[in-house]
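In what follows, a structure is listed as structure tokens, so that the remarks can point back to it.
The values are calculated or read from the model by the stated rules, or taken from the named source; none is laboratory data. Computed from a prediction, not measured in an experiment: that's the story for all the values here. Using ideal geometry, Cβ is built from the backbone for each residue, glycine included, and neighbour counts are taken over all protein chains shown.
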Amino acid sequence: MTAKVFIDGEAGTTGLQIRQRLEKRRDLQVVSIDAERRKDPAARAELMNESDAVILCLPDDSAKEAVKLVTNAHTVIIDASTAHRVDPHWVYGFAEMADGHRVLIQRSKRISNPGCYPTGFVGLVAPLVSAGLVPATTPITVNAVSGYTGGGKGLIAEFHALPPESTSDAFRAYGFQLTHKHVPEMAKYSGLAHAPIFAPAVGRFAQGMLVEVPLQLWSLPGAPTPADLRKALSEFYQGEQFVSVASEAETAALQKARSGAGGYVEALDPEALNNTNNMKLFVFGNDTAQQARLVAQLDNLGKGASGAAVQNLNIALGLEEGAGL
């Protein structure tokens, strides 16, 4: 039978992209609520309890209230907010983060979609901690830049209002109170004993993301090489459809400085994987200095939000994992 899916909050950025990924599917029926009834709890509850799966694209408090409207044991809830990401009663929806984790997602009726920044961070760090290359007690810093769609409607409107010729907001660092809402899930699912220092930023581009973790390899037990880290990540993600690790040759090509008419053009493009559910991991290193820069490249609205929600939906409903992606 065709599974029925309701997106609560489908008018938002994440909800719209989820719907775009689902609307041409023949194995799913996406149901919507009449616009005039969107704020009617009774109408929403009726639709939720009739659905096989509900995807919540709501603010945290609204997501918590929405969960209470589901009173049956059948409906799968996938929450794209921050509300349940470290809740022990919910399964964290990052299928690739550990062996057997897909099974947990498939068996669960409560799945918390990961944050965009944590997807890159956990994807880079958790396998290395698990392999013993990075001790759990290692002090870690994570630097990241995201497209402005990650900031919601307010920030999107602010950037859209800027004149095209303006360059005053090309890059904006934030999170200086060191209390970003993504830090708890970074700490919990990376395997680290202490929360990382998180230095986020937003760039003047709509979507796309780079998440970087610098490492002093000389400070780690056994002083692992960049090649050791790359090998560990490659083996961990071997055979994965959506997470890949850049080869030594590809990494070396990016490390070679090149000069063009516009100046220095060596770059890793945060927008390269836009509109996909892919994430690519890079290990840049200097053997002499015994230093490395780990970088995750992904779409903050793809693998970092809407794409991941669809992937989790497919797994939870027993459908082909890459359908619609």
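Looking across segment 21-50, the residues that are in contact (Cβ under 8 Å) with a residue 12 or more places away in the chain and under 27 Å from the mean Cα position of the chain (by Cα) come down to Arg21, Leu22, Lys24, Arg25, Arg26, Asp27, Leu28, Gln29, Val30, Val31, Ser32, Met48.
Checking each residue in segment 68-95 for being farther than 19 Å from Ala11 by Cα and in contact (Cβ under 8 Å) with a residue 40 or more places away in the chain picks out Val76, Arg85, Val86, Tyr92, Gly93, Phe94, Ala95. Of all positions in segment 171-183, none carries a residue that is of a type in the set (D, E, K, R), under 15 Å from Val145 (Cα atoms) and in a loop (DSSP other than H, G, I, E, B).
Looking at Ile55, Ile78, which one is under 17 Å from the mean Cα position of the chain (by Cα), surrounded by 18 or more Cβ atoms within 10 Å (Cβ to Cβ) and within 28 Å of Pro127 (Cα to Cα)?
Details: Ile55 fails: within 28 Å of Pro127 (Cα to Cα).
When all the criteria are applied, what remains is Ile78.
For segment 13-37, the set of residues classified as closer than 19 Å to Gln311 by Cβ and part of a loop (DSSP other than H, G, I, E, B) consists of Glu23, Lys24, Arg25, Arg26, Asp27, listed by residue number.
Scanning segment 83-133 for residues that are surrounded by 22 or more Cβ atoms within 10 Å (Cβ to Cβ) and of a type in the set (Ser, Thr, Tyr) returns Tyr92, Ser112, Tyr117, Thr119. All conditions in (1) over 20 Å from Ala253 (Cβ atoms); (2) more than 12 Å from the chain's Cα centre (by Cα); (3) surrounded by 24 or more Cβ atoms within 10 Å (Cβ to Cβ) hold for Lys303, with the sole exception of (2).
Elements of the type strands (runs of 3 or more DSSP E) sitting completely within segment 70-152 and holding at least 3 residues that are among the β-branched types (Val, Ile, Thr): these cover 76-79, 141-147. If you check Ala252, Ala267 for being outside the structural domain of Pro59 (by TED's automatic domain parsing), part of a loop (DSSP other than H, G, I, E, B) and not charged (D, E, K, R), only one passes: Ala267. For the list (1) over 17 Å from the mean Cα position of the chain (by Cα); (2) of a type outside the set (Val, Ile, Thr); (3) assigned to a loop (DSSP other than H, G, I, E, B), I need the number of the one condition that Glu240 fails. Result: Glu240 passes all but (1). Taken over segment 270-290, the criterion of being surrounded by fewer than 17 Cβ atoms within 10 Å (Cβ to Cβ) and either within 19 Å of Val245 (Cβ to Cβ) or of a type in the set (A, V, I, L, M) (or both) is satisfied by Ala272, Thr276, Asn286, Asp287, Ala289. One residue alone among Leu229, Leu220 is crowded, with 17+ Cβ neighbours inside 10 Å, over 18 Å from Phe121 (Cα atoms) and modelled with pLDDT of 95 or more, and that residue is Leu220.
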